[in-house]
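Everything below concerns the one structure shown next.
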Amino acid sequence: MAPDQPGVVVSENGLGRYQQTVRLGKHTLIADEPAATGGEDAGPEPFDLLLAGLGACTSITLRMYAERKGFPLAGVSVELTHDKIKVDGHGTRDRIVRRITLEGDLTPEQRDRLLAIANKCPMYRTLQAVTQIDSTLTDRCPATAATTAAA
C-alpha cells in the first residue's frame with residue numbers, strides 16, 4: 001500500500017446489522033457476522049479474515065522460498081480453523097490449527113524445511129508475538145472524510 005494512502009479502513013455500511021465495508025487500497029470487501037450471531041452472513045466474519053491473511057501469507061511465503069531454492073513445489077494449500085481451548089488454571093486461549101498440504105516431488109528434508117519456513121512467515125510471527133495495538137478516537141474516519149470532501 002502506498003505511504004500516502006490510509007491502511008485498511010473498515011466502516012459500517014448500513015446494509016445490515018453488523019455488515020462492514022473493508023477498504024484495502026484499491027480492493028473492497030464485505031465483512032459480516034453469521035446469522036447465528038445476528039448478522040446476515042453477507043461476507044466473511046472477522047476471524048475468517050484473520051485466518052485468510054495467515055493462510056495467504058503462509059502459502060505465498062512457501063512459494064517464494066521454494067522458487068528461490070529450486071524446490072519442486074507443485075502446489076500449496078493451507079486449511080485453517082480457530083477455536084478456544086482450556087488452559088489449566090488460566091481459563092481459555094485462542095488456538096489456530098493450520099494444516100499445510102504440499103504437492104510435488106519433495107524430499108523429506110525439503111518438506112521439513114518448508115514447514116520451518118511456514119513458521120517464519122510475517123503473519124505467523126505477528127500472531128505469535130505480543131503485539132501492541134494503539135487505539136485512539138478521531139472525529140471522522142479517513143475514508144469518510146475523503147468522501148465528504150469530494151462531495
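The values are calculated or read from the model by the stated rules, or taken from the named source; none is laboratory data. Just so you know, these numbers come straight off a predicted model, no measurement behind them. Neighbour counts are summed over all protein chains in view; Cβ atoms, including those assigned to glycine, are modelled from backbone coordinates with ideal geometry. We work out accessible area using only protein heavy atoms, side chains counted, and drop any ligands, DNA or RNA first. Shrake-Rupley method; radii C 1.70, N 1.55, O 1.52, S 1.80 Å.
Listed values, structure above:
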read-out	value
Area accessible to solvent at MET123, 1.4 Å probe radius, in Å²	60
Cα-based Lys proximity count in the chain, under 30 Å, for pairs eight or more positions apart or on separate chains	4
Cα centre as origin, Lys/Arg/Asp/Glu Cβ charges: the chain dipole, Debye	520
q = 0.16, 0.18, 0.21 Å⁻¹: log10 I(q)/I(0) that the Debye formula gives for region 52-126, counting C-alpha atoms only	-0.60, -0.71, -0.88
Contour minus Cα-Cα distance for ALA129 and ASP94 (0.36 nm per residue)	11.3 nm
Solvent-accessible area, 1.4 Å probe, carbon plus sulfur percent, for region 1-71	56
Cα-based equivalent ellipsoid, region 7-78: semi-axes from gyration tensor eigenvalues, Å	33, 14, 7
Positive-end residue, the chain charge dipole about Cα centroid, Cβ charges, pick of LEU15, SER77, THR138	SER77
Surface accessible to a 1.4 Å probe, per residue, for the residues of region 1-115, Å²	68
Value at 222 nm in deg cm²/dmol, rounded to 500, when DSSP H runs of n ≥ 4 in the chain each add -39,500 (n - 2.57)	-10500 deg cm²/dmol
Loop-located trypsin sites (Lys or Arg not before Pro) in region 1-65, at most 16 other Cβ atoms within 10 Å (DSSP)	ARG17, LYS26
Nitroxide proxy distance, nm - points 7 Å out along Cα→Cβ at ILE30 and ARG63	2.7
